[in-house]
Ligand SMILES: [Zn+2]
Ligand SMILES: [Zn+2]
């Protein structure tokens with residue numbers, strides 16, 4: 001009964017079909033464990049074998065707030081002059097090959113085993129970076145039209161894997177995508193921010209002291225910043241941003 005109640009609770013807010021898809025996929029996804037390294041295909045249960053991990057484009061020194069690459073660790077000029085309200089950013093990789101190729105194959109070729117591999121790398125980076133873990137992981141939601149087209153939310157899959165490793169629940173009921181935004185790829189930074197205006201709604205905080213918003217890739221930060229603004233308006237004060245890669 002307790003399990004059923006928590007299952008039903010997920011349907012209270014936003015578009016239930018998005019959450020139904022996520023739940024249905026979670027059930028199927030949990031059984032998919034990578035048995036080979038995603039890059040060299042040698043038998044390995046870590047997603048990326050030790051040798052291939054050494055070859056990955058680790059981000060290195062970056063802004064503690066937005067993940068922008070810096071010559072030494074600190075807070076970039078943009079975050080100092082216009083803080084987005086994010087406590088910390090954890091992003092293990094630069095968005096270049098082979099990570100960009102892996103993310104592309106997850107999203108557009110349905111190579112779902114990549115998600116736990118990337119999720120594990122993110123979990124490793126989180127453990128290195130953070131002294132206190134958040135109470136819940138909030139995947140950046142896709143609009144229902146995109147879910148129908150793709151069949152899954154890659155941020156949700158990554159969050160499930162990272163959450164499982166770190167023992168943090170994934171909550172799909174907090175952030176809701178209310179606007180079917182056009183793809184950000186062809187837009188400049190100003191247009192990206194405008195595109196994201198009022199794209200999300202957030203459930204008023206009644207449960208969590210600290211949350212981490214999870215996306216696959218952070219580019220301009222427009223999506224994360226729009227979500228962060230909504231979260232803060234609804235009582236969330238301790239927000240982290242986690243992603244696999246930064247462009
Ligand atoms: Zn390998
Ligand atoms: Zn920054």
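The values are calculated or read from the model by the stated rules, or taken from the named source; none is laboratory data. All figures in this text were calculated on a predicted structure; none of them were measured in a lab. Every residue, glycine as well, gets a Cβ built from its backbone with ideal geometry; the counts of neighbours run over all protein chains shown.
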Problem set entry | Single match in 76, 38, 52 (criterion: modelled with pLDDT of 55 or more, more than 18 Å from residue 164 (Cα to Cα) and in contact with a helix residue (DSSP H, G or I) (Cβ under 7 Å, 6 or more places away or on another chain)) | 38
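Could you grab me the full set of residues in segment 91-111 that are part of a loop (DSSP other than H, G, I, E, B) and under 15 Å from the mean Cα position of the chain (by Cα)? Give the steps one after another, and end with the answer.
To start, the set of residues in segment 91-111 that are part of a loop (DSSP other than H, G, I, E, B) comprises 91-92, 95-98, 109-111.
Answer for segment 91-111, where residues must be part of a loop (DSSP other than H, G, I, E, B) and under 15 Å from the mean Cα position of the chain (by Cα): 91, 92, 95.
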For this session: Please work out which one of (1) away from ligand 1 (no atom under 16 Å from the Cβ); (2) in contact (Cβ under 8 Å) with a residue 40 or more places away in the chain; (3) over 28 Å from residue 202 (Cα atoms) is the condition residue 70 fails and give its number.
Result: (2)
Problem set entry | Test for residue 24: is it loosely packed, with under 13 Cβ neighbours inside 10 Å, away from ligand 2 (no atom under 16 Å from the Cβ), at pLDDT below 85 and over 30 Å from residue 205 (Cβ atoms) | no
For this session: Being in contact (Cβ under 8 Å) with a residue 12 or more places away in the chain, within 16 Å of ligand 2 (Cβ to nearest atom) and more than 18 Å from residue 49 (Cα to Cα) narrows it down to one of 151, 85, 77, so name that one.
Result: 85
